[in-house]
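*Asks:* Pasting a structure below so you can have a look.
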Amino acid sequence: MTEKPFISVILPTRNRPQLKEALNSLAAQTSKDFEICLVDNQSKNPTSEEIRAMLDAAGIPFKYVRTEESFEYAPYNLGLAFAEGDYVIFFSDDDTYGHSFIEAVKANLTANPQTVWLHGDATVIIEGREPCDREVRDYSCYPPRAMLVDFRGGIFPFQGTCVYKRSVIVELGGMRPLYYCEDFDLWLRLLAKGHKPCKLQFPYLNYFDHQGKHMDRAKKDVALVKSLTDFRDSLENTGLRHEASAYLRSVKLRVFAKKLLAKFGLRKYEVRL
């Protein structure tokens, strides 16, 4: 492919054995009008040589970059800097796509060039359970506050299905350094600019849900407060600003409740608001 690709798939990885399956799902795409921008975040297993061999075997144009940055947002932004496609996807190194995902995305965006942000359903896979299809709303049919209502209820887009117009993401400055909230923060900033996601029908993504994933919940809450505060303060839409304020209050209340429980040695109780 001599012309620039339609889509750049930005794929950060670090010591992920499932990387080969992720790359195999890209190699099997019915449309090849994309490139892989793989950012190797100091992997040791597989090694950099093994990763390069996987990329060669995939037969898709690729860029390989190795970085010493350990923060999650940094590899995404590095991949964005090297991407040449009109659109970008931030893909996870342990998920896989159905074979016609890129083809369906290209057909949708070609028919609707005004679309800035596309997302879709996914098949959620949890070890020891039956896979289940998870549907998401077509937010283009709802007022912006509907997305915030879903966020407060714990319903979020699947990052691997989100396809963005690259120029808009570059203009926004890419991902911000917010602990485990980088994608959430990006969605809020897109929403603040008036960009609601349109929906791609059918579950093309196999999303592997690692429920045992370790994270510092307190640090994540701090990042949530920062992201929501910036979002609220950037809004002119009164209704949306009111919804953002309510969401922010609920997060702050959860943080306060957790601190209070910890003070009295009641850490085992879960706080859900």
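The values are calculated or read from the model by the stated rules, or taken from the named source; none is laboratory data. In this text the structure is predicted, and so the values were computed from the model without any measurement. Cβ placement follows ideal geometry from the backbone for every residue including glycine, while neighbour counts extend to all protein chains displayed.
*Asks:* Determine whether region 39-54 contains at least one residue that is modelled with pLDDT of 95 or more, assigned by TED's automatic domain parsing to the domain that holds G173, at negative phi and not polar (S, T, N, Q).
*Replies:* Looking for residues that are modelled with pLDDT of 95 or more, assigned by TED's automatic domain parsing to the domain that holds G173, at negative phi and not polar (S, T, N, Q), one finds none in region 39-54, hence no.
*Asks:* A further question on this structure: Can you name the number of the only condition in (1) surrounded by fewer than 19 Cβ atoms within 10 Å (Cβ to Cβ); (2) under 18 Å from the mean Cα position of the chain (by Cα); (3) not β-branched (V, I, T) that P143 fails?
*Replies:* (2)
*Asks:* Continuing with this model, one more query. What are the pairs, 6+ residues apart or on separate chains, where a residue within region 107-133 that is assigned by TED's automatic domain parsing to the domain that holds K32 and in contact (Cβ under 8 Å) with a residue 40 or more places away in the chain has its Cβ under 6 Å from a residue that is of a type in the set (D, E) and surrounded by fewer than 17 Cβ atoms within 10 Å (Cβ to Cβ)?
*Replies:* Close Cβ pairs satisfying both conditions: D121/E135; T123/D133; V124/D209; I126/D209.
*Asks:* Say whether the condition of being assigned by TED's automatic domain parsing to the domain that holds E243 and either in contact with a strand residue (DSSP E or B) (Cβ under 6 Å, 6 or more places away or on another chain) or among the polar types (S, T, N, Q) (or both) is met by at least one residue in region 159-176.
*Replies:* no
*Asks:* Which ones in region 169-211 are closer than 24 Å to D86 by Cβ and in contact with a Lys or Arg (Cβ under 6 Å, 6 or more places away or on another chain)?
*Replies:* L172, D185
*Asks:* Pairs needed: first member in region 209-230, at pLDDT 85 or above; second member anywhere, in a loop (DSSP other than H, G, I, E, B) and charged (D, E, K, R); C-beta distance under 8 Å; at least 6 residues apart or different chains.
*Replies:* Between residues of region 209-230 that are at pLDDT 85 or above and residues that are in a loop (DSSP other than H, G, I, E, B) and charged (D, E, K, R), the close pairs are S227/R176.
*Asks:* Turning to a different aspect of this structure: Can you pull out every residue in region 82-112 that is hydrophobic (A, V, I, L, M, F, W, C), farther than 18 Å from R14 by Cβ and more than 17 Å from the chain's Cα centre (by Cα)?
*Replies:* A104, A107, L109, A111
*Asks:* Confirm whether V116 is surrounded by 15 or more Cβ atoms within 10 Å (Cβ to Cβ) and more than 14 Å from K196 (Cα to Cα).
*Replies:* Taking the combined requirement at face value, the residue does not satisfy it.
*Asks:* Among the residues of region 138-161, are any under 23 Å from S8 (Cβ atoms) and polar (S, T, N, Q)?
*Replies:* Checking region 138-161: at least one residue is under 23 Å from S8 (Cβ atoms) and polar (S, T, N, Q).
*Asks:* How many residues does region 160-215 hold that are out of contact with any helix residue (DSSP H, G or I) (no Cβ under 9 Å at 6 or more places or on another chain) and in a loop (DSSP other than H, G, I, E, B)?
*Replies:* Residues meeting the conditions: 8.
*Asks:* Right, V163: of a type outside the set (S, T, Y), more than 15 Å from the chain's Cα centre (by Cα), under 27 Å from T96 (Cβ atoms) and modelled with pLDDT of 95 or more or not?
*Replies:* When the stated conditions are applied, V163 does not pass them.
Each row is one residue, and each column tells you yes or no for (1) surrounded by 14 or more Cβ atoms within 10 Å (Cβ to Cβ); (2) touching a Phe, Trp or Tyr at 6+ places or on another chain (Cβ under 9 Å); (3) not assigned by TED's automatic domain parsing to the domain that holds G98.
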position: E182; (1), (2), (3): yes, yes, no
position: L188; (1), (2), (3): yes, yes, no
position: L191; (1), (2), (3): yes, yes, no
position: L200; (1), (2), (3): yes, yes, no
position: K226; (1), (2), (3): yes, no, yes
position: L235; (1), (2), (3): yes, no, yes
position: T238; (1), (2), (3): no, no, yes
position: Y247; (1), (2), (3): yes, yes, yes
position: L253; (1), (2), (3): no, no, yes
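*Asks:* Another question, if that's okay. When you scan region 56-67, do you find a residue that is within 22 Å of M175 (Cβ to Cβ) and touching a residue at least 60 places away in the same chain (Cβ under 8 Å), even just one?
*Replies:* No: region 56-67 contains no residue that is within 22 Å of M175 (Cβ to Cβ) and touching a residue at least 60 places away in the same chain (Cβ under 8 Å).
*Asks:* Still on this structure: Kindly indicate whether F90 is among the aromatic types (F, W, Y), out of contact with any Cys (no Cβ under 9 Å at 6 or more places or on another chain) and either on the phi > 0 side of the Ramachandran plot or at pLDDT 95 or above (or both).
*Replies:* Taking the combined requirement at face value, the residue does not satisfy it.
*Asks:* Looking at the structure I just gave you, is A28 among the small types (G, A, S), buried (at least 21 other Cβ atoms within 10 Å of the Cβ) and closer than 29 Å to A107 by Cβ?
*Replies:* So A28 does not fit the description; no.
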